[in-house]
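What follows is one structure encoded as structure tokens, with my remarks underneath.
The values are calculated or read from the model by the stated rules, or taken from the named source; none is laboratory data. Computed from a predicted structure; not experimentally measured. Positions of Cβ are backbone-derived with ideal geometry, glycine not excepted, and every protein chain shown enters the neighbour counts. Calculation scope for accessible area: heavy atoms of the full protein, side chains included, ligands and nucleic acids excluded. Shrake-Rupley method; radii C 1.70, N 1.55, O 1.52, S 1.80 Å.
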There are 2 protein chains.
Amino acid sequence: MILNRLRQQIDFIIEIDKLKSVVRRSYLADGSRRENSAEHSWQLAMMAVVLTEHANAPVDLLRVITMVLIHDIVEIDAGDTYIYDTQGALDKAQREQQAADRIFALLPADQAQELQSLWEEFEARETPDARFATTLDRLMPLLHNYVTAGRSWQEHGITSNQVLANNARIGEGSETLWELASNLIADSVAKGYLASASDPEDKP
Amino acid sequence: MILNRLRQQIDFIIEIDKLKSVVRRSYLADGSRRENSAEHSWQLAMMAVVLTEHANAPVDLLRVITMVLIHDIVEIDAGDTYIYDTQGALDKAQREQQAADRIFALLPADQAQELQSLWEEFEARETPDARFATTLDRLMPLLHNYVTAGRSWQEHGITSNQVLANNARIGEGSETLWELASNLIADSVAKGYLASASDPEDKP
């Protein structure tokens, strides 16, 4: 019985190895390659460890870390949907729900239920823990874009109004980190990393 | 003052992005490439989440997760020292201590001290939390070798007595996981993934 349970847990650990092969749009800080969702999840967990004092409301750090560790596992089946991909956004929720149903179910039932419930809480963004986890998930790509002179933004023709619209919710988890983010966005426009929505070049 | 603190925290988050470029000896489960230390750390944190019930002694899951998240950060300066590299092992402790002194010091003093102390606890392997974290760190490469038919073992001419000697300490953190590990090792020898120490081919 214990061995069967352990086998399910190990099968899950091996299955999620695939997240290392899901490539995101963001580049590493040194620009050498695009990052994958597994190493991204590690970095978010490290952000949670060092930035938790900036959360608007008290958060449970263990729950926030576990959320960011698991938040992208659904991409193993559903792929990474770029935050500015309006077409991909249409069926994203359905694709990811199916993925969650399959992947978490590899675990023993009690753990499957616990982690899937935590993933759904993250997606719903209604609790302080989920809001802060989302804040970290939004802030990190801004930092990567900033330190790579807007590389990913430029490759996808993203403008400042899109970045502002998609990231304003950072403030729901942390006013301090939203202040940082809006400064980074303004500075990115000033430095030419990010096209202003009113730039003539943006008009097709 | 708050902004200065936040800047130090963000500088640390950007600095540790370099861990994504530290390549280990282990291959991904699908054999497509060798893994890096950042994604490895993520997978260990996920192991902590799902395997904590198998620890010999009660552990504090948040501390175990934080340990495995930070345990390899020193490799940014010190590089990854292969567990079977006896030459590299000679000055490993000194190289890693210098790295820890530099990298954690990027953080505000209170956080630098907290994380460096946790890293030193992990290295000392004397507390239940550190022992269980070490158990996970040893078990994962066995799993990767097993699912890739011993690829990394074979590339480095590793034999079963080396694997047994270097991994027996898995039992210090979890008897159950050591039982799993020794079964995997025995099965790897039986399947030809891992050379037995008595195989004539091992003799130079």
Scan of segment A:103-133 for residues that are open to solvent by 40 Å² or more (accessible area, probe 1.4 Å), in contact with a helix residue (DSSP H, G or I) (Cβ under 6 Å, 6 or more places away or on another chain) and not in a loop (DSSP other than H, G, I, E, B), ordered by number: A:Arg131
Failed criterion for A:Gly171 (all others in (1) under 25 Å from A:Ile65 (Cα atoms); (2) within 14 Å of another protein chain (Cβ to nearest Cβ) hold): (2)
Residues within segment B:76-102 that are closer than 20 Å to B:Ser37 by Cα, of a type in the set (A, V, I, L, M, F, W, C) and outside any helix (DSSP H, G or I), tallied: 1
Residue in segment A:63-71 that is over 12 Å from the mean Cα position of the chain (by Cα) and either more than 8 Å from every other protein chain (Cβ to nearest Cβ) or surrounded by fewer than 23 Cβ atoms within 10 Å (Cβ to Cβ) (or both) present: yes
Any chance A:Ala181 is open to solvent by 40 Å² or more (accessible area, probe 1.4 Å) and farther than 27 Å from A:Ile13 by Cβ: no
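Per-residue answers, yes or no, for (1) over 15 Å from the mean Cα position of the chain (by Cα); (2) of a type in the set (Val, Ile, Thr); (3) part of a helix (DSSP H, G or I):
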| residue | (1), (2), (3) |
| --- | --- |
| A:Leu136 | no, no, yes |
| A:Leu139 | no, no, yes |
| A:Leu143 | no, no, yes |
| A:Ala149 | yes, no, no |
| A:Trp153 | yes, no, yes |
| A:Gln162 | yes, no, yes |
| A:Thr176 | yes, yes, yes |
| A:Ser182 | yes, no, yes |
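Residues being surrounded by fewer than 17 Cβ atoms within 10 Å (Cβ to Cβ) and either part of a helix (DSSP H, G or I) or in contact with a Gly (Cβ under 9 Å, 6 or more places away or on another chain) (or both): count how many of those fall in segment B:48-60.
2
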Qualifying position, being in a loop (DSSP other than H, G, I, E, B), modelled with pLDDT of 95 or more and closer than 23 Å to A:Arg63 by Cα, among B:Ile65, B:Ile73, B:Ile13: B:Ile73
Residue match in segment B:39-47 (condition: charged (D, E, K, R) and open to solvent by 40 Å² or more (accessible area, probe 1.4 Å)): no
Tally, over segment B:35-54, of residues that are under 17 Å from the mean Cα position of the chain (by Cα) and in contact (Cβ under 8 Å) with a residue 40 or more places away in the chain: 9
Test: residue in segment B:127-137 that is touching a strand residue (DSSP E or B) at 6+ places or on another chain (Cβ under 7 Å) and closer than 29 Å to A:Ile16 by Cβ: no
Residue within segment A:189-201 that is part of a helix (DSSP H, G or I), at pLDDT below 95 and farther than 20 Å from A:Leu69 by Cα present: yes
Any hit, segment B:72-82, residues being within 7 Å of another protein chain (Cβ to nearest Cβ), surrounded by fewer than 21 Cβ atoms within 10 Å (Cβ to Cβ) and not β-branched (Val, Ile, Thr): no
Subset of segment A:33-62 [at the interface with chain B (Cβ under 7 Å from one of its Cβ atoms) and touching a His at 6+ places or on another chain (Cβ under 8 Å)]: A:Glu35, A:Ser41
Matching entry among A:Asp30, A:Asp17 (being within 20 Å of B:Leu19 (Cα to Cα), within 9 Å of another protein chain (Cβ to nearest Cβ) and open to solvent by 60 Å² or more (accessible area, probe 1.4 Å)): A:Asp30
